[in-house]
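For reference, the structure discussed in these notes is given below.
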Amino acid sequence: MGAPLNVANVRERLNTRRLGAKFHYFAELTSTNSYARKLAENGAEEGEVVIAESQTQGRGRLGRRWESPPLANLYFSVILRPALAPAHAPQITLMAAVALAETVGSLIAQAPTIKWPNDILVEGKKLAGVLTEAACGSERIEYVILGIGVNVNYRIDSMAPEIRQRATSIADLTQRGVDREGLLLRLIQALDRCYGELEEAGFETLRPRWEAYFSLRGRRVRVELLDQVLTGRARGIERDGALVLEDDHGVLHSIYAGDVIPLET
Ligand code: BT5
């Protein structure tokens, strides 16, 4: 187990336009996303960050759990109030995946990949995940909670058995302990930069970078939706961030939420 984060140190070194003006730091929370949502409901400003050393009910998508042991990794949520139409909310997840992949990619020898929509994988194992939760009015997004979990100094032998075969961490990949404060600083700066690009220029400038990390293009996949399962080939993403799937009958589908399972290598 490492030392606690000194977020004041991180704050001082930050050079950002929108993110990180205020940090809410906790030794333990149920979920940083849940706490950030309460803050956002009570008028918190864009860019406020909620960070915890551990989470007792860290959340993935669709009610899944995010393993969040103390002092080893990063678990944080950023409150965003983007000037985007609700239909564009999924772009926040894609933007965050680019920021994560670029930051992590600069620290490890291996190339990270993005598994649509929210997984950062290295050598096929999950290194980080993104959970975005948006509250939308009819015409605009009220706020987005951008939640990020990154496995930093999480050693394979201390991982929960359910994820051990499928997860990795930066320390596991580099065989070295990683400075979590330095990583947090770089991640928030990268998110600030990519979020700025999204707000100013739309997703088009980020899209080629996202696509360069996209590992499933042309591959056969099964897509599990809430009420349906489709199989076919992943063709790419649309302007709004939807995954394009060409099913086995040649019909194109735009997928906004679901799980993608690769069927062959
Ligand atoms: C995600 O969900 O990948 C989103 C994870 C977001 C976590 C952050 S931490 C800060 C913020 N506050 C929260 O409460 N959440 C966010 P999903 O695609 O549904 O993946 C969940 C699945 O990943 C689980 O069912 C496990 O199989 C696996 N998993 C759980 N914990 C993991 C970990 N630490 N590392 C790698 N894989 C994990």
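The values are calculated or read from the model by the stated rules, or taken from the named source; none is laboratory data. Here the structure is a predicted model, which is why all the values come from computation and not from measurement. Reconstructed Cβ throughout: ideal geometry from the backbone, glycine too, with neighbour counts over all protein chains shown. The accessibility values were calculated without ligands, DNA or RNA, using every heavy atom of the protein model including side chains. Shrake-Rupley method; radii C 1.70, N 1.55, O 1.52, S 1.80 Å.
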Within region 227-248, restricting attention to residues that are part of a loop (DSSP other than H, G, I, E, B) and without any contact (Cβ under 8 Å) to a residue 12 or more places away in the chain, which residue is most open to solvent (accessible area, probe 1.4 Å)? ASP227
Against the condition in contact (Cβ under 8 Å) with a residue 24 or more places away in the chain and in contact with a Pro (Cβ under 9 Å, 6 or more places away or on another chain), how does ALA89 come out, does it pass? yes
Looking at VAL130 and the list (1) surrounded by 23 or more Cβ atoms within 10 Å (Cβ to Cβ); (2) assigned to a helix (DSSP H, G or I); (3) within 11 Å of the ligand (Cβ to nearest atom), which single condition is not satisfied? (2)
Apart from one, (1) open to solvent by 30 Å² or more (accessible area, probe 1.4 Å); (2) at pLDDT 95 or above; (3) over 14 Å from the mean Cα position of the chain (by Cα) all hold for ALA135; the odd one out is (1)
Mind checking which residues of region 8-34 are more than 15 Å from the ligand (Cβ to nearest atom) and of a type in the set (Asp, Glu)? GLU12
Working only within region 23-64, note down all residues that are exposed (fewer than 14 other Cβ atoms within 10 Å of the Cβ), charged (D, E, K, R) and more than 19 Å from VAL130 (Cβ to Cβ). GLU28, LYS38, GLU41, GLU45
Checked against (1) at pLDDT 95 or above; (2) of a type in the set (Gly, Ala, Ser); (3) part of a helix (DSSP H, G or I), GLY43 satisfies every condition except (3)
Contacts under 7 angstrom Cβ, first residue in region 61-72 being without any contact (Cβ under 8 Å) to a residue 12 or more places away in the chain and in the same structural domain as LEU127 (by TED's automatic domain parsing), partner near the ligand (Cβ under 8 Å from one of its atoms) and open to solvent by less than 80 Å² (accessible area, probe 1.4 Å), 6 or more apart: ARG65/GLY58
Checking ALA96 against (1) assigned to a loop (DSSP other than H, G, I, E, B); (2) of a type in the set (Gly, Ala, Ser); (3) in contact with a strand residue (DSSP E or B) (Cβ under 9 Å, 6 or more places away or on another chain), the condition it does not meet: (1)
Regarding region 192-203, can at least one residue be identified that is open to solvent by 10 Å² or more (accessible area, probe 1.4 Å) and hydroxyl-bearing (Ser, Thr, Tyr)? no
